[in-house]
Amino acid sequence: MITTRLRTRLRFPLAAVLVAVAAALPGAQTFDGQRDPQPAEVDLAIVGGLLIDGHEGPPLPGAVVLVEDNRIVAVGSRDELTVPDGVEVVDARGMTILPGLIDAHVHLDILGHSDYQHWHGRYRDGRYAEIMEISTRQLLMSGVTTVVDLAGQPEALGPLKDRIESGDLPGPRVVASMGWITNWSDEQVARHHRRSHTVNVRTVDEARAAARTAIAQGAGIIKVHTGLTEAQLRAVGEEADARGLRITGHVGTRDDLLMRIRAGQDGIEHLSLGAGSSPAIAPEVLQGLVDHRTWVIPTLIQTTIQGRAVEWPDWRDNPRVRALTPPAIWADIRRSIENPRRFGYFGGSLRVRRIDEMGAKLRQLRDAGVRVLVGTDSGTPLNFHTDAMWQEMDLMVSYGFFPMEVLAMATRRNAEYLGRGDELGTVTRGKLADLIVVDGNPLLSMRDLRHVVTVVKDGRVYTP
Ligand SMILES: [Zn+2]
């Protein structure tokens, strides 16, 4: 153990360098000199890794995180905190400790099969709960400790959440929208593969009632799809606001997008942003997003995965998915993705949302200071729950976001978006014990997030 005098001599120059680096990063925080005291009770210690705590300040080498029951009770360095004898220890030396990842957009009822009609026809009835159990295991073992499910079946999601919360089933915390609210024609509803969890409304009163029903079913967020009028959206918004819930969803035309921003929709899913086939986001849209502090969840990976799958044929034999999917279901998925060029699902997206356009739009958002989050749409064709997060985060870095910023989007900023910032999103004393240990350093390469070696969720340790 290093002496106090030596430590003081060593720390100040190092701290000065780190503070200087931190000051160069947007939103960065610096050391405040506060250290957590040694807690009386500890039953789990994560020891020796480089800690990136989610606050966007400098990482802490040789960190110790102490956990009691399901809470983090102290965070510090090895010479500041003692690991009591007899506690469970996770050795993180040479690795990185991060807050558990939060995916702001997943679909637990799908596993990457290329044909929705086939998939839902075959698995919706009877096997729905089984599919969701596979999804939740895949996500947790990939380091995702909280997910936002945007359009699952309420009857199945309620029991699933209960089983995960009781510790009976390994899975992330599930914040669910309990279906989605639309204002579509009867024909549009009948055609949709998710018609059984589409709540279609025609009047303002129906819109309000739909929001109340979702909330009564346990919704932690409200999802609105296209077609809603401003009055309908505002009625949904009043119900959500009264319970501190966010509203998010798809948008249609540019006018529809501007209306939603004005009406206070909190989140905008996908990067088309009312731009249609135009390569740029209109100035009035950017201004609206900034003025109303609207969050944007671009789901970059969902729109580029087809190109990647064509480029990397090995993708179809993804060993991580195979290991975490029952053989018969994997065989069905595997057959469906044999030729990714043929997927009807991507018909329009490759033409309209070209990859270079996406990069340009993302840079517009970044330069304007729009609040961007990490969500993957995982479960959609080829977009496997096991890999969606690291791919999305890697793409964000490739489009010019700082790695530290992207890590914060996937943790602290997503928690704040969900209104759970006081409990989730950072490795901080008093918060829920959701964290991961990664073999590598995602500040150097986001691809290192593929190597999650330990997941702690709610104080429980899982080894993928
Ligand atoms: Zn989606």
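Using a Förster distance of 25 angstrom, determine the FRET efficiency expected from the C-beta separation of R262 and D205, and round it to 0.05. Once the sixth-power term is evaluated, E becomes 0.70.
Per residue, the convex hull spanned by the Cα atoms of the chain amounts to 142 cubic angstrom.
For E68, the amide hydrogen comes within under 5 Å of the amide hydrogens of D43, V73, counting only partners 5 or more places away or on other chains and with H modelled in the peptide plane. Every Cα-Cα pair of the stretch 208-290 was included, and the share exceeding 15 Å stands at 53 percent. Our analysis of the stretch 48-184 gives Rg over Rh at 1.09, with the two radii drawn from alpha carbon positions and Rh computed by the Kirkwood formula.
Between the stretch 136-172 and the stretch 394-411, what is the separation of their alpha carbon centroids in Å? Computed from Cα coordinates, the inter-centre distance equals 25 Å. Taking each residue as 0.36 nm, the span from L444 to T226 lengthens on full extension beyond its C-alpha to C-alpha distance by 74.5 nm. For the chain, the relative contact order comes to 20 percent (Cα pairs under 8 Å, sequence separation of at least 6). With the simple model of a label 7 Å out from the Cα in the direction of the Cβ, E238 to H193 spans 3.7 nm. Determine which aspartates and glutamates satisfy two conditions relative to K431: a Cα distance under 15 Å, and not lying fewer than 8 residues away in the same chain. The reachable aspartates and glutamates, counting only those whose Cα sits under 15 Å from K431, are D36, D53, E68, D69, E416, D422, E423, D458.
In this view, the solvent-accessible surface of E423, computed with a 1.4 Å probe and all protein chains in place, comes to about 50 Å².
Using the reciprocal of the averaged 1/r over all distinct C-alpha pairs, how large is the Kirkwood radius of the stretch 66-142 in Å?
Numbers: mean 1/r = 0.0608 Å⁻¹.
The Cα-based Kirkwood calculation yields 16.5 Å.
Each residue, E88 and Q217, gets one label point 7 Å from its Cα in the Cβ direction; the gap between the two is 3.4 nm.
In this rough spin-label picture, where each label sits 7 Å from Cα along the Cβ direction, the H451-R363 distance is 3.2 nm.
In the context of the full set of protein chains, residues of the chain present 40 Å² of accessible surface per residue (probe radius 1.4 Å, heavy atoms only). Per atom type, the chain shows carbon and sulfur on 51% of its accessible surface, probed at 1.4 Å.
Membrane-span-like helices in the chain, defined purely by DSSP H runs whose alpha carbon atoms cover 24 Å or more axially and whose average Kyte-Doolittle hydropathy reaches 0.5, are 4-23.
Compute the semi-axes of the equivalent ellipsoid of the stretch 179-222, taking the square root of 5 times each eigenvalue of the Cα gyration tensor, and list them largest first in whole Å. Intermediate results must be reported in sequence, preceding the final value.
Values: eigenvalues 70, 34, 7 Å².
Semi-axis lengths for the stretch 179-222 are 19, 13, 6 Å.
For trypsin sites (Lys or Arg not before Pro), the sites in the stretch 171-275 that DSSP calls loop and that have at most 14 other Cβ atoms within 10 Å are R202, R243.
The values are calculated or read from the model by the stated rules, or taken from the named source; none is laboratory data. Note that this is a predicted model, so its numbers are computed, not measured. Reconstructed Cβ throughout: ideal geometry from the backbone, glycine too, with neighbour counts over all protein chains shown. All accessible areas refer to the heavy atoms of the entire protein, side chains included, with ligands and DNA or RNA removed. Shrake-Rupley method; radii C 1.70, N 1.55, O 1.52, S 1.80 Å.
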